[in-house]
Amino acid sequence: MTDGPLLLELDEETWADQLDRASAWLGNLLMSQEKFRTYAEDAAGKIEEPHIREYLREIAGRAAEHEEQARGLFLVLGREPTAGRSTAGAVLAKGAELVADVVGRSGGARGNWRDVRQLLLANQDAIGAFAVAEQLGYALGLPELADPCFRLVAEKTKDQLLIQEYMLEMGPMAILLGLDA
């Protein structure tokens, strides 16, 4: 065992393979973030309660900023984001809406609470994707990848707590009274 950091010298091909694998993960990250952003925009438009609607619009705005920052992470690896993932993110958001409806209805929830619940799950997925990218940055010795991801995880975690609070606030009305918020 060594007391200090262990450095490995990688040949060009191995390094390129590692960057390609990390880039593939960033594609997953971008798709997760696009799904969350799409869902945040949709959910904000369905909420009637003005305070929650405004907060969700702010979260959707930050989600768009985070999406742009996610695109910038590819440049750290000398790669470009793939275009097909954007379409997939939008399609996944719509598919998640259907799942949210089925789960919500089977649990007796009515109204737009299901959208906020699904938003909570979509953001958790995106948080996890950014956290894995942060760890990839550490593993590759690329602080320019790890540092922004660390910051984005912290920002998204704050949003997660807000979304959770809205979901909990809206839950009793949706389940017991079948009302929208």
- By average C-beta atoms within 10 angstrom, highest first, the peptides 124-136, 160-172: 124-136, 160-172
- Residue-by-residue Karplus 3J(HN,Hα) for region 114-124, coefficients 6.51, -1.76, 1.60, Hz, glycine and proline x: 4, 5, 5, 4, 5, 4, 4, 5, 5, 5, 4
- If each K or R counts +1 and each D or E counts -1, the residues other than Leu161 whose Cβ falls under 13 Å of its Cβ total -2
- Query: How far apart, in nm, are the 7 Å Cα→Cβ label points at Asp17 and Glu68?
  - Reply: 3.8 nm
- Phi angles of region 26-42, converted by Karplus (6.51 cos²θ - 1.76 cosθ + 1.60, θ = phi - 60°) into ³J(HN,Hα) in whole Hz with x for Gly and Pro, give 4, x, 5, 4, 4, 5, 5, 5, 5, 4, 4, 4, 4, 5, 5, 4, 5
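Every number in this text was worked out from the coordinates using simple rules, so none of it is lab data. No experiment lies behind these values; they were computed from the predicted model shown. As a convention, Cβ positions derive from the backbone with ideal geometry for all residues, glycine included, and neighbour counts pool all protein chains shown.
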